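Inspection log for the structure reproduced underneath, given as structure tokens.
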Amino acid sequence: MIRSVLVDKVPIPPAHVHPMPVGLPNGDRRYEDELRRGLAQAGGGRLDAAVLGMGPDGHTASLFPYSPALDEDEVWVRFNDGDCVLAPRPRMTLTYPVLCTTRFLAVLVTGAGKHAALLDAARAPDDVHAHPIVGIRPVQDSSLVWYLDRAAADGSI
């Protein structure tokens, strides 16, 4: 979907496009190796930007409440599964170690169905297991910007 909606319509060099090989048994390791190589060659060692969403359960990327990938502190890419992970399962996800070092992070939250999750996350800013979105904590020289529509912000329909 990203390829047809965005990549094919803008001048992104093919070397900068990295689809996740979700269908391969070792796709998580292969993707992480590809990311690490590409970022090392670019000289920065980290992503420049990432746009994340947030689900009505407070998940982001494919980091779902109470799922194993929430506790990852070294590996950049994981297959993530568990009772709270929505289909298709397992999901491949970037983990906090790579996301939180991204230079610019944007979180886009739309719809009244996300309002309760925003409130819950605000009330428990350290409970990463219940509200994975709160684990998006940029390092010192990174920035995080939240974009909310009115419905997500105030719960209106």
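The values are calculated or read from the model by the stated rules, or taken from the named source; none is laboratory data. These numbers come from a predicted model, not from an experiment. Reconstructed Cβ throughout: ideal geometry from the backbone, glycine too, with neighbour counts over all protein chains shown.
Per-structure values
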| quantity | calculated |
| --- | --- |
| Tabulated pairs, segment 14-28, first within 13 Å of T93 (Cα to Cα) and modelled with pLDDT of 90 or more, second of a type in the set (K, R) and surrounded by 10 or more Cβ atoms within 10 Å (Cβ to Cβ), C-beta under 6 angstrom, 6+ apart or interchain | P21/R30; D28/R78 |
| Segment 5-16, residues that are hydrophobic (A, V, I, L, M, F, W, C) and either in a helix (DSSP H, G or I) or surrounded by 13 or more Cβ atoms within 10 Å (Cβ to Cβ) (or both) | V5, V7, A15 |
| Residues that are closer than 19 Å to G55 by Cβ and surrounded by 14 or more Cβ atoms within 10 Å (Cβ to Cβ), drawn from segment 138-154 | L144, W146, L148, D149, A151, A152, A153 |
| Strands (runs of 3 or more DSSP E) completely within segment 29-118 that count 2 or more residues being modelled with pLDDT of 95 or more, out of contact with any His (no Cβ under 9 Å at 6 or more places or on another chain) and crowded, with 17+ Cβ neighbours inside 10 Å | 77-80, 91-94, 104-109 |
| Positions within segment 119-157 being hydroxyl-bearing (S, T, Y) and outside any loop (DSSP other than H, G, I, E, B), in sequence order | S143, Y147 |
